[in-house]
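Down below is the structure, laid out as C-alpha cells.
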Amino acid sequence: MSNWYSESSPLERRTFWASFGGWALDALDVQMFGLAIPALIAAFGISKADAGLLGSVTLFFGAFGGWLGGALGDRFGRVKALQITVATFALATFASAFAMNYTQLLALKAIQGLGFGAEWACGAVLMAEIIRPEHRGRALGTVQSAWAVGWGAAVLLSALVFTYAPAEIAWRILFAIGLLPALLIIFIRRGLKEPPRAVAKDAEAPFLATLAGVFRPDVLRSTLVGGLFGIGAHGGYAALTTFLPTFLREVRHLSVLGSSFYLAVIIIAFFCGCVASGIISDRVGRRANVAFFASACIATVLVYVFAPLTDGQMLVLGFPLGFFSAGIPASMAALFSELYPAGVRGTGVGFCYNFGRVVSAAFPFLVGFLSDHIGLGPAIGIDAAFAYSLVLIAVLLLPETRGKVFEQAATARI
C-alpha cells in the first residue's frame, strides 16, 4: 500500500477497508465450498459433475447478481447497494449449513451467487470513483488481493474444522461461519458516503432501462469485448480453483493438512500477484499488464497439471501459479470502471465482470465431466488454458484507459 495509501484521504481509506473487507469475507464464503466438495460428495452421494454443478450455479446466478447490483448502485447509490448485497451472500451461506438435501443446497448456492456477484460490482465501482486516478490500479489491485485473505482464512478454517469435527458435520460448521460478513454492514453504514453523481442521471426511467444502458451504441463495443474478457477471466479461475483441493487430495494423494499447505503457497502468491498487477498496471498500462499475466498463466497451469512433477516441485511451482492467476482479476475493476461514463458505470462494470459467469458457469461442470474420461488434471489444464486464451484476445480489442479522470473524482475524496 505504501505511498498511495499514505497520500489517501480519510474517506479514501475507509472506502478501501470497506471494499477490502467485503471482498475478503466474500472469498471466505465462496472458497469454503471448494474445500468442502469431498465432504459434500460423501454426504449427499453425488458425482463430481453434480458437485461441479453447485459451483456452476453460483457463478451463473452471480452473473445476474453483478448486473443487477451494478444497476442498483447506478440508480440508488453504491453504499446502499453494498449493504444489501453483503447481507444476501452472508445469509445464504449461513443457511446452506442447514441444507438437508442436494436440491436445497443447489437453491441456496444460487441465492449466494446473486449476492456474491452484486457485492463485487458495488464495491469495485465505489472504490474506483473515490480513489484518485493515478492510484486507481494499485488501490483496486490491493482490494482484489483481499480474495487471497478470505481464501486463506477458508483453508485454515477448513483444516481446523475437518481435523477436529466429524466429516458429516464439518462442512455444516464451515458454512455456518459464513454469517460473519454480515457484521461488515455496520462499518459500511457508519463510515462511507456516496460519491457525487454516482446515481444514474435519469432517475425517472424504468429500472429495466438502467439495466439496458450497457447496450447503448456509445458503450456497446466496450460491453461486448468486456464480456469476452469476463468469460476468459472467470472461466480460467473457476476451472482451476473449484477442483484444485480435490486434485491435490485425490490425484496427488495429499491429506487435508498436506493439501492445505500446498494451497497456502498458492494463496500467498495470489496476494502478491494482485498487488504486483496493480503496480504494473499503473506504470505500463492496463493492456500490457493483462497480456503479460494471461500468457504466463497459460504456461504455468499447463506445466502444473501435465508435467510429471514431484511433490516438492509442485510446491515450488505453486507460487508462480498463484501469482500469475491473480494478475487478471486484479486488473478488471480499474479497467472496466474506466470504460464507462458515470450514469452507466456500475451497470457496465457489473455486466462485464459478471457476464463471464454465465458462460464460465459451465467450466466447473465441464471439468467434473471431463475428469471421468481424461482424468482430473488434464481436464483442469485444458479448460483453464482455453479460458485464459480468451482474455488475450479480448485485451487486444480494448483501448488503453490508464489515468482516466472520472467526472466526479475531484469532489469525491473529502
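The values are calculated or read from the model by the stated rules, or taken from the named source; none is laboratory data. Just so you know, these numbers come straight off a predicted model, no measurement behind them. Glycine also receives a Cβ, built like all others from the backbone with ideal geometry; neighbour counts cover every protein chain displayed. All accessible areas refer to the heavy atoms of the entire protein, side chains included, with ligands and DNA or RNA removed. Shrake-Rupley method; radii C 1.70, N 1.55, O 1.52, S 1.80 Å.
What number goes with the only condition from (1) part of a helix (DSSP H, G or I); (2) farther than 27 Å from Gly278 by Cβ that Ile46 does not pass? Only one criterion in (1) part of a helix (DSSP H, G or I); (2) farther than 27 Å from Gly278 by Cβ is unmet by Ile46, namely (1). Screening Asn3 with (1) in a helix (DSSP H, G or I); (2) touching a residue at least 24 places away in the same chain (Cβ under 8 Å); (3) open to solvent by 10 Å² or more (accessible area, probe 1.4 Å) gives one miss only, at (2).
Surrounded by fewer than 22 Cβ atoms within 10 Å (Cβ to Cβ), in a loop (DSSP other than H, G, I, E, B) and of a type outside the set (Ser, Thr, Tyr) - does that describe any residue in segment 372-384? Within segment 372-384, one or more residues are surrounded by fewer than 22 Cβ atoms within 10 Å (Cβ to Cβ), in a loop (DSSP other than H, G, I, E, B) and of a type outside the set (Ser, Thr, Tyr). Screening Ser277 with (1) closer than 19 Å to Gly152 by Cβ; (2) modelled with pLDDT under 90; (3) under 21 Å from the mean Cα position of the chain (by Cα) gives one miss only, at (2). The set of residues from segment 293-305 being under 20 Å from the mean Cα position of the chain (by Cα) and over 11 Å from Ala385 (Cα atoms) comprises just one member, Phe293.
When segment 150-169 is filtered for residues that are touching a residue at least 24 places away in the same chain (Cβ under 8 Å) and either surrounded by fewer than 20 Cβ atoms within 10 Å (Cβ to Cβ) or outside any helix (DSSP H, G or I) (or both), the ones remaining, listed by number, are Ala153, Leu156, Leu157, Thr163, Ala167, Glu168.
Counting only residues that are at pLDDT below 80, over 29 Å from Ser337 (Cα atoms) and open to solvent by less than 40 Å² (accessible area, probe 1.4 Å), which one in segment 34-80 is nearest to the chain's Cα centre (by Cα)? Going through the qualifying residues, I end up with Gly34. For segment 85-127, a tally of residues being small (Gly, Ala, Ser), assigned to a helix (DSSP H, G or I) and either open to solvent by 20 Å² or more (accessible area, probe 1.4 Å) or farther than 13 Å from Gly70 by Cα (or both) returns 8. Among residues of segment 309-320 that are in contact (Cβ under 8 Å) with a residue 60 or more places away in the chain, those with a Cβ under 8 angstrom from a residue that is open to solvent by 40 Å² or more (accessible area, probe 1.4 Å), sequence gap 6+ or separate chain, pair up as Met314/Arg252.
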